[in-house]
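The structure appears right after this line, and notes come after that.
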Amino acid sequence: MLGNIVPVREFARICHDHGALLLVDGSQSVPHIPVDVEGLGCDFLCFSGHKMLGPTGTGVLFMKESCLEPLLVGGGSVERVTAAGYTLTGGYERYEAGTPNISGAIGFGRALDYLEALGMEDVQYHEQQITRHILGGLAGIENVQVFGPGPAEDRIGVISFIIRGLNPHDVAVMLDGEADVMVRSGHHCCMPLMEHLKLPDGTVRASLHCYNTIEDADRFLDAVTKIAGDWKT
């Protein structure tokens, strides 16, 4: 929601010093910045496929060690079955019971190939340039408040903001209707953070990816300027 990049390595060290395991939700990072899962030091890393330009209903769970019991068992995950019980297979297969989402996995694989061909360093740099442009533009619009870290180098291309006096959902509808700009509005699946920030209606969130351009950013900024100006008048 805030777009900030957190020090995962430090979190991992603290967790391991206290005998705890660390799971990292990489859904907002893996599609946008280079990630070295071994360098992070986490025990688990998960991320979704659709945020990586792949099909919905796909994703990845990385485990440093297969220390979790499968939630489901069945064909493919079981090596032997007797009347008294069953024996699970080794490796990742034990976590993939039943017929897998074959077409989804193929589509997800092609999406990964596409991003890898672009180069994650280039994807990150591209998004940083547009993020910097948007942050600079929003800073000059009266009644707009942006949440999260400042410099584009310290964040990913997720920009949450409000227009004071307007409900975030109304702003999202106006951006869609007036400028064909798609954003998300509301609590963004983090209501405790919204309560901490005293934002009962949440925020408007603009999310960038490799396909966005400076022209997209300018259209977005023009629309926000108009909405904020019309509300003021």
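No value in this document is a laboratory result; all are computed from the given coordinates. Just so it is clear, the structure is predicted and the values come from calculations on it, not from any experiment. Virtual Cβ from ideal backbone geometry, glycine too; neighbours counted across all protein chains shown.
Per-structure values
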read-out: The stretch 8-118: equivalent-ellipsoid semi-axes (sqrt of 5 x gyration tensor eigenvalues, Cα, Å); value: 27, 23, 9
read-out: Dipole magnitude (debye, nearest 20) for the stretch 106-233, charges at Cβ of Lys, Arg, Asp, Glu; value: 420 debye
read-out: Over the stretch 120-232, relative contact order from alpha-carbon pairs under 8 Å, at least 6 apart, %; value: 32 percent
read-out: Most mobile listed residue (Pro200, Pro149, Pro55) in the chain, GNM with C-alpha springs under 10 Å; value: Pro200
read-out: GNM flexibility winner over the chain from His133, His18, His187 (Cα, springs under 10 Å); value: His18
read-out: Sites Arg164 and Ala105 - FRET efficiency at Förster radius 35 Å, r taken between beta-carbons, to 0.05; value: 0.15
read-out: Computed Rg/Rh of the chain, alpha carbon atoms with Kirkwood Rh; value: 1.05
read-out: Net dipole in debye of the chain [+1 Lys, Arg Cβ; -1 Asp, Glu Cβ; about Cα centre; nearest 20]; value: 400 debye
read-out: Length released on extending from Asp180 to Asp122, taking residue separation times 0.36 nm less the Cα-Cα span; value: 18.2 nm
read-out: Whole-number percent relative contact order across the stretch 8-118, with pairs defined as alpha carbons under 8 Å at least 6 apart; value: 21 percent
read-out: Summed residue charge, Cβ within 13 Å of Gly54's Cβ, Lys/Arg positive, Asp/Glu negative; value: 0
read-out: Relative contact order for the chain, counting Cα pairs under 8 Å that sit 6 or more residues apart, in percent; value: 18 percent
